[in-house]
Amino acid sequence: MTHNDTHPQAAEHPTVTGHTRIVGVIGWPIEHTVSPPMHNAAFAALGMDWCYVPFPVRSERLAEAIAGVRGLGLCGINVTVPHKQAMLALMDDLTPAARTIGAVNTVLIEGDRLVGHNTDAGGFLRALREAGFAPEGCRAVMLGAGGAARAVGYALVDVGAHLTILNRSPERAVALATDLHAANENAIIDAGALTQSALRRASETTQLIVNATPLGMWPHVDASPWPDDVEYPAGAFTFDLIYNPRETLLMRRVREAGGEAIDGLGMLVHQGAEAFALWTGQEPPTDVLYRACTAILGGK
Ligand code: NAP
């Protein structure tokens, strides 16, 4: 079979047979992932004989699990918390994005080689553009310097944004700025502590605010990375990477102040779409991916 072969009854009767191509996601815990319904809905919509399976993998079993990807003949995998960083050492090759970001969220199997990609960066940019914001050369402030922030920072620097990274632990913000600068010497990056005065200063000129901290995520929905006594910059666009709930406290406050805000669902969908295209060579049906996610997470 080639990548483009379809099972005649896959859409109506999505059963797994000896012909079915298997992809999946490894993580721990994995129970709450929305990636299997998202990808399986896309396979069904396109009548493809593929199946996406969640694999619960503990950290101490990661190397065995990756050997199993090759051994079992899987066609690709996604990687989620807590394994994205540990994957770097287990790949035969890395894309420049995955190397600079320091995390792999998608593995492509090229012959016998496992190639580590990071589709979070591209997913973030696509979601941002889809929402009508053109990030090229913008002034952006990013809250957080963890795994997701590394992908977002890479993406923003790649499109020439002037980036300010503010993080609870300032040394992590500085380390990220150093890594991004090492990969792109034209990058314009400031980094420091996430304090009220730093937020006030950054918000004087910023056009884009990105929340890459988990503050506001379910079940702690009353939390926000933006203190109440710091004004929201008028006219700035806010991108909260959280997608559960679909509207965070930060997003609500921005909207109340007359600003525009989006959640992380678009990034989730587009990182999945990019992985789908890498594995299958097919154009992903993003409307189907969105519908599968909103059926689980709510919203539009
Ligand atoms: P992570 O690697 O654990 O990083 C968390 C970041 O948030 C760190 O910078 C951390 O600061 C900061 N932080 C945590 N608790 C904080 C607090 N109480 N006050 C201030 N800062 C705090 O997590 P991650 O994987 O980057 O995920 C971050 C968020 O992005 C999560 O909500 C996740 O669901 C979301 N995400 C969304 C997508 C998507 O597709 N939409 C993809 C990936 C992640 P320190 O460095 O000081 O610890």
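Taking residues in segment 126-147 that are part of a loop (DSSP other than H, G, I, E, B), and partners anywhere that are open to solvent by 50 Å² or more (accessible area, probe 1.4 Å) and within 16 Å of the ligand (Cβ to nearest atom), the pairs with Cβ atoms closer than 6 Å and at least 6 places apart or on different chains are 145/172.
Hey, can you tell me all the residues within segment 229-240 that are in a loop (DSSP other than H, G, I, E, B) and in contact with a helix residue (DSSP H, G or I) (Cβ under 8 Å, 6 or more places away or on another chain)? If the condition is that a residue be in a loop (DSSP other than H, G, I, E, B) and in contact with a helix residue (DSSP H, G or I) (Cβ under 8 Å, 6 or more places away or on another chain), then 229, 230, 231, 232, 233, 236 are the ones that fit. Scoring residue 116 on the criteria (1) of a type in the set (Gly, Ala, Ser); (2) surrounded by fewer than 19 Cβ atoms within 10 Å (Cβ to Cβ); (3) part of a strand (DSSP E or B) leaves a single failure, condition (2). Of all the criteria given as (1) open to solvent by 40 Å² or more (accessible area, probe 1.4 Å); (2) within 15 Å of residue 142 (Cα to Cα); (3) more than 14 Å from the ligand (Cβ to nearest atom), the one not satisfied by residue 202 is (1). Restricting attention to segment 241-260, the residues that are open to solvent by 20 Å² or more (accessible area, probe 1.4 Å), within 16 Å of the ligand (Cβ to nearest atom) and either in contact (Cβ under 8 Å) with a residue 60 or more places away in the chain or outside any helix (DSSP H, G or I) (or both) add up to 6. Within the option set 180, 208, being over 26 Å from residue 247 (Cα atoms), more than 9 Å from the ligand (Cβ to nearest atom), touching a helix residue (DSSP H, G or I) at 6+ places or on another chain (Cβ under 9 Å) and open to solvent by less than 10 Å² (accessible area, probe 1.4 Å) holds for one residue only, 180. Of all residues in segment 158-175 being in contact with a strand residue (DSSP E or B) (Cβ under 6 Å, 6 or more places away or on another chain) and in a helix (DSSP H, G or I), which is most open to solvent (accessible area, probe 1.4 Å)? Top of the filtered list is 174. The set of residues in segment 183-199 being within 13 Å of the ligand (Cβ to nearest atom), surrounded by fewer than 17 Cβ atoms within 10 Å (Cβ to Cβ) and part of a helix (DSSP H, G or I) consists of 196 alone. All but one of (1) within 11 Å of the ligand (Cβ to nearest atom); (2) of a type outside the set (Gly, Ala, Ser); (3) touching a Phe, Trp or Tyr at 6+ places or on another chain (Cβ under 9 Å); (4) under 22 Å from residue 186 (Cα atoms) hold for residue 165, so report the exception by its number. With respect to (1) within 11 Å of the ligand (Cβ to nearest atom); (2) of a type outside the set (Gly, Ala, Ser); (3) touching a Phe, Trp or Tyr at 6+ places or on another chain (Cβ under 9 Å); (4) under 22 Å from residue 186 (Cα atoms), residue 165 is out only on (3). Assessment of segment 74-94 against the conditions (open to solvent by 50 Å² or more (accessible area, probe 1.4 Å) and polar (S, T, N, Q)) yields at least one matching residue. Listed by first and then second residue, the pairs with beta-carbon distance under 6 Å, at least 6 apart or on different chains, first residue in segment 50-74 and in the same structural domain as residue 88 (by TED's automatic domain parsing), second part of a helix (DSSP H, G or I), are 50/43; 52/36; 52/39; 52/40; 54/36; 57/65; 62/86; 66/90. Residues in segment 220-235 that are farther than 19 Å from residue 195 by Cα and small (Gly, Ala, Ser): 2 in all.
Applying the set (1) more than 13 Å from the ligand (Cβ to nearest atom); (2) touching a residue at least 60 places away in the same chain (Cβ under 8 Å) to residue 116 leaves exactly one unmet item: (2).
Of the residues 137, 146, 153, 111, which single one is on the phi > 0 side of the Ramachandran plot and not assigned by TED's automatic domain parsing to the domain that holds residue 272? Even if it seems obvious, please write down each step before you answer.
Values: 146 fails: on the phi > 0 side of the Ramachandran plot; 153 fails: on the phi > 0 side of the Ramachandran plot; 111 fails: not assigned by TED's automatic domain parsing to the domain that holds residue 272.
Of the residues listed, the single one that is on the phi > 0 side of the Ramachandran plot and not assigned by TED's automatic domain parsing to the domain that holds residue 272 is 137.
Kindly indicate whether residue 171 is farther than 20 Å from residue 120 by Cβ, at pLDDT below 95 and not hydroxyl-bearing (Ser, Thr, Tyr). For residue 171, the condition - farther than 20 Å from residue 120 by Cβ, at pLDDT below 95 and not hydroxyl-bearing (Ser, Thr, Tyr) - is not met. Flag: residue 99 matches the condition of being closer than 27 Å to residue 278 by Cα, of a type in the set (Lys, Arg), more than 16 Å from the ligand (Cβ to nearest atom) and not in a loop (DSSP other than H, G, I, E, B).
The values are calculated or read from the model by the stated rules, or taken from the named source; none is laboratory data. Keep in mind that this is a model prediction, so the values were computed, not measured. Every residue, glycine as well, gets a Cβ built from its backbone with ideal geometry; the counts of neighbours run over all protein chains shown. These accessible areas exclude ligands, DNA and RNA; they are computed on the full protein's heavy atoms, side chains included. Shrake-Rupley method; radii C 1.70, N 1.55, O 1.52, S 1.80 Å.
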